[in-house]
1. Enter the angle in degrees (range 0 to 90, nearest 10) between the Cα long axis of helix 13-33 and the first principal axis of the Cα atoms of the chain, meaning the one along which they spread out most.
2. Sort 9-16, 53-60 by the packing proxy (mean of other Cβ within 10 Å over each peptide's residues), most packed first.
3. Pick from 22, 33, 67 the residue whose mean-square fluctuation is largest in a GNM of the chain, springs joining Cα atoms under 10 Å.
4. Mind checking the full-extension length gain between residue 20 and residue 34? Use 0.36 nm per residue of separation minus the Cα-Cα distance, one decimal, nm.
5. Once you keep just the Cα pairs under 8 angstrom separated by 6 or more residues, what percentage relative contact order results for segment 3-76?
6. Can you give the calculated 222 nm mean residue ellipticity of the chain, where each DSSP H run of n ≥ 4 adds -39,500 (n - 2.57) and the sum is split over every residue, rounded to the nearest 500 deg cm²/dmol?
7. When every alpha-carbon pair in segment 7-77 is counted, what percent end up more than 16 Å apart?
């Protein structure tokens with residue numbers, strides 16, 4: 001694990017919530033993948049979960065980038 005992730009996890013509730021949601025969505029996808037055949041509704045659900053999971057991951061990456069860019073400036077003060 002990345003030290004920046006650990007720092008964000010400890011100090012940023014938004015990051016923790018995004019990470020928890022991402023893991024929960026991952027578990028939901030894993031359950032869907034266990035099925036051999038998905039109904040059309042399940043296929044739609046799968047695509048929705050994948051999009052939501054990606055959005056959470058993108059937001060987490062943005063928070064990490066912002067933290068990394070801001071950290072050196074804060075340390076230099």
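Derivation of every value follows stated rules applied to the coordinates shown; laboratory data play no part. These numbers come from a predicted model, not from an experiment. For neighbour counting, all protein chains shown are included, and Cβ atoms are generated from backbone atoms with ideal geometry for every residue, glycine included.
1. 20
2. Highest-to-lowest ranking by the protection proxy: 53-60, 9-16.
3. It is 33.
4. Gain on extension, residue 20 to residue 34, equals 2.9 nm.
5. After rounding, I find 44 percent.
6. -30500 deg cm²/dmol
7. Of all Cα-Cα pairs in segment 7-77, 56 percent lie more than 16 Å apart.
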